[in-house]
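Trainee: Pasting a structure here, questions to come.
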Amino acid sequence: MAYARTLEDIRALIVKHKRWDLIFALIGVLALMIGILTFVALFVDMAIKGVPRLSLDFFSNFPSRRPGEAGILSAWVGSMLVMLVTAVVAVPLGVASGIYLEEYARKNIVTDIIEINITNLAGVPSIVYGLLALGLFVYQFGLGQSILSAGLTLALLILPVVIVATREAIRSIPIGIREGAYALGATKWQVSRDHIIPYSTAGILTGVIIGMSRAIGETAPIITIGALTFIAFLPPSPVTAEPPYLSFEWLTSPFTVMPIQMFNWTSRPEAAFQVNAAAAGFVLVLMTLAMNGLAIYIRYRLRKNIKW
Amino acid sequence: MSAVATSVSTIMPSGPQSARLVRRLGRNVKERLIEGMLFLAALVSVLTTVGILYVLLKESYVFFQHVSIVDFLTDTQWTPLFDDAHFGIMVLLSGTLTSSMVALSIAIPLGTIIAVYLSEFAPFAVREIAKPFLELLGGVPTIVYGYFALLFVTPILQALIPGLPGFSLLAAGIVMGIMIIPYVSSIAEDAMRAVPMHLREGSYAMGATRFQTATRVVVPAAFSGIASAYILGISRAVGETMILAVAAGMQPNLTFNPLEPAATITAYIVQVALGDLPHGSIGYQTIFAAGLTLMLLTLVFNVIGHLLRKKYREAY
């Protein structure tokens, strides 16, 4: 039936082609289901194995040789402190870079290099950042296998995410806002500070949260800088009783983080430790889910509320 | 800044006009300072690249003074920590390539189908629900996927394939493929949605069905973007670490059989980092040589992707 000659032929052809539409739609739903069901299987499997293990003790105990007494205290405290360093470094740097590239940068070769470079950095495997940190932060700068090294490493890792989110948020601000402010005699920085930054805050926040949720689950670069897998003490407290009340000793302390603790437990042959791994993994997934969910929610609100 | 102000006031006439000039000058200096600071922040990302290249090349240079490049590329054994040391990167490369092939043979077809479905077929509500779900799938920490591959997928595969060892490239590769699906599908979908509506309308006006429009108009028009999605997927697969370190074993093994356990470049780096190698030893330097190989590998794929994009870019 090379050519449709009669009405019946044409009808048959239409039915045949429409059938393909249906078949592909079904394949599409199936493919989507494979992805979603995998996620559900992963989540439910960990919940079934891990949730019975979750208790207050699990969060307030140090890791131990006895799986029943082991907990994730040093891991979650370590994760929080590393995240703090990462946020303090990555957010200002990323937002400043984004503002520079969108509002200030002239179209020249330096700008091109910076832009191409950011695109390429987003594709560099995370373990390579670990090697950078090992060679540069740990040994060359002498920061050691510390919270500071880990926080800086993860900050560099998520910098492209923050920059790209900042740029997208800034780009969606209509040019009329800038022109209005310039017409009233505002300088570039006044426009950026009073208009660009406030209007792009929600978009930037989304990017920062997604970046942080990626950083909190990163294992490879932190293993590479040589974080210990067995830590049964806490870093020195950032707040002290006597003046000046703030201590930065914790920055140089050895540490462990949630994903490393989970890796340690997963790679042990005893089933009891694997239950611990499931529990730690469940907590980790909940944290990243909560962060991603928050980011998705902010973006959703943003799309609904902003009408320029 | 005050020094600038006084030097200006000496050459300017006094009065309210000069006060304004001084103020404007101060403002310009401040503007310049802020611009400089923002520029320095933007430069950090360039410095990161420079730092990566510096560290990798410096340590690899020392490494290649001990080991000839020919041995590195042609030796069929990887035993850097044994007395009889061999440094054949092929061994680790085979693990990386095999696991990546498994992952991509899952991620590319499924990712593409999902992208076409979401962009051309799915009702609005389905897309609004499915996209965040896929994003969550991409946001799960890789160590969790490693756990899933080792303790959930491997037992299932062992039931299906008798004799499958407890560590295998297959289990790790499959889970890695599922992890990569969202990266491929979201970028490919963005590319397809960027295809102008009038191309579709033209196609429908000619009597084409959805499927025909999708495969013969939208996909070819979005090909450069889809190619970028594939390249990103490949880089993710090649650079993935924790799933392989947990589920594929860390035993160097020159094989292209996914049913065997084998170490990848990334898993080897993790293995060495977990041990206690002294700074400056040959074992310490091998991980930088391995990292350099990994960087070059991803660079090759990125260049291919760039060329593909250039060749097939459609402008509207």
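The values are calculated or read from the model by the stated rules, or taken from the named source; none is laboratory data. Because the structure is a prediction, the values reported are computed rather than measured. Ideal geometry is used to build each Cβ from the backbone, glycine not excepted, and the neighbour counts take in all protein chains shown.
Trainee: Can you tell me which residue within segment B:266-286, out of those that are of a type in the set (S, T, N, Q) and in a helix (DSSP H, G or I), is farthest from residue B:169 (Cα to Cα)?
Mentor: Across segment B:266-286, the extreme among qualifying residues is B:285.
Trainee: Do we have residue A:134 as aliphatic (A, V, I, L, M), assigned to a helix (DSSP H, G or I) and surrounded by fewer than 21 Cβ atoms within 10 Å (Cβ to Cβ) here?
Mentor: No.
Trainee: Output the number of residues of segment A:205-221 satisfying the condition of being under 14 Å from residue A:160 (Cβ atoms) and β-branched (Val, Ile, Thr).
Mentor: 2
Trainee: Out of curiosity, is residue B:264 buried (at least 20 other Cβ atoms within 10 Å of the Cβ) and either facing chain A (nearest Cβ under 9 Å) or touching a residue at least 12 places away in the same chain (Cβ under 8 Å) (or both)?
Mentor: Taking the combined requirement at face value, the residue satisfies it.
Trainee: Residues in segment B:44-57 that are without any contact (Cβ under 8 Å) to a residue 60 or more places away in the chain and either among the β-branched types (Val, Ile, Thr) or within 7 Å of chain A (Cβ to nearest Cβ) (or both): how many?
Mentor: 7
Trainee: Of everything in segment B:252-283, what is more than 19 Å from residue A:267 (Cβ to Cβ) and either polar (S, T, N, Q) or at pLDDT below 85 (or both)? Give them in sequence order.
Mentor: Of everything in segment B:252-283, those that are more than 19 Å from residue A:267 (Cβ to Cβ) and either polar (S, T, N, Q) or at pLDDT below 85 (or both) turn out to be B:255, B:257, B:278, B:279, B:280, B:281, B:282, B:283.
Trainee: Of the residues that make up segment B:167-188, is at least one hydroxyl-bearing (Ser, Thr, Tyr), closer than 19 Å to residue B:152 by Cβ and within 23 Å of the chain's Cα centre (by Cα)? Before the answer, list the steps.
Mentor: Step one: list which residues in segment B:167-188 are hydroxyl-bearing (Ser, Thr, Tyr), which gives B:168, B:183, B:185-186.
Pick out the ones that are also closer than 19 Å to residue B:152 by Cβ and you get B:168.
If we keep only those that are within 23 Å of the chain's Cα centre (by Cα) as well, we get B:168.
The answer is yes; a qualifying residue exists.
Trainee: Looking at (1) surrounded by fewer than 22 Cβ atoms within 10 Å (Cβ to Cβ); (2) modelled with pLDDT of 90 or more, find the lone condition where residue A:140 falls short.
Mentor: (2)
Trainee: Of all residues in segment B:216-230, count the ones that are surrounded by fewer than 16 Cβ atoms within 10 Å (Cβ to Cβ) and not charged (D, E, K, R). Write out each step before concluding.
Mentor: First pass over segment B:216-230, keeping only residues surrounded by fewer than 16 Cβ atoms within 10 Å (Cβ to Cβ): B:216, B:220.
Subset that is not charged (D, E, K, R): B:220.
Total meeting the criteria: 1.
Trainee: Criterion first (surrounded by fewer than 24 Cβ atoms within 10 Å (Cβ to Cβ) and within 7 Å of chain A (Cβ to nearest Cβ)) does residue B:139 satisfy it?
Mentor: yes
Trainee: Here is a further query. Suppose we keep only residues that are surrounded by 15 or more Cβ atoms within 10 Å (Cβ to Cβ) and of a type in the set (A, V, I, L, M, F, W, C) within segment B:63-89. Which one would you say is farthest from residue B:291 (Cα to Cα)?
Mentor: B:85
Trainee: Look through segment B:168-212, keep the residues that are in contact with a helix residue (DSSP H, G or I) (Cβ under 6 Å, 6 or more places away or on another chain) and among the small types (Gly, Ala, Ser), and return whichever of them is surrounded by the most Cβ atoms within 10 Å (Cβ to Cβ).
Mentor: Filtering segment B:168-212 for residues that are in contact with a helix residue (DSSP H, G or I) (Cβ under 6 Å, 6 or more places away or on another chain) and among the small types (Gly, Ala, Ser), the one surrounded by the most Cβ atoms within 10 Å (Cβ to Cβ) comes out as B:172.
Trainee: Give the residue that is surrounded by the fewest Cβ atoms within 10 Å (Cβ to Cβ), with candidates limited to residues of segment A:28-70 that are within 9 Å of chain B (Cβ to nearest Cβ) and charged (D, E, K, R).
Mentor: That would be A:45.
Trainee: Quick one: how many residues across segment B:293-316 are of a type in the set (A, V, I, L, M), facing chain A (nearest Cβ under 9 Å) and buried (at least 16 other Cβ atoms within 10 Å of the Cβ)?
Mentor: Here is the first cut: in segment B:293-316, the ones of a type in the set (A, V, I, L, M) are B:294-297, B:299-300, B:303-304, B:307-308, B:315.
Now drop any that are not facing chain A (nearest Cβ under 9 Å), which leaves B:294-295, B:299.
In the following step, the residues that additionally are buried (at least 16 other Cβ atoms within 10 Å of the Cβ) were identified as B:294-295.
Number of matching residues: 2.
Trainee: Right, residue B:229: away from chain A (no Cβ under 11 Å), under 30 Å from residue B:166 (Cα atoms) and not polar (S, T, N, Q) or not?
Mentor: So residue B:229 does not fit the description; no.
Per-residue answers, yes or no, for (1) among the aromatic types (Phe, Trp, Tyr); (2) part of a helix (DSSP H, G or I); (3) modelled with pLDDT under 90:
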{"site": "A:222", "(1), (2), (3)": "no, yes, no"}
{"site": "A:237", "(1), (2), (3)": "no, no, yes"}
{"site": "A:241", "(1), (2), (3)": "no, no, yes"}
{"site": "A:251", "(1), (2), (3)": "no, yes, yes"}
{"site": "A:254", "(1), (2), (3)": "no, no, yes"}
{"site": "A:272", "(1), (2), (3)": "no, yes, yes"}
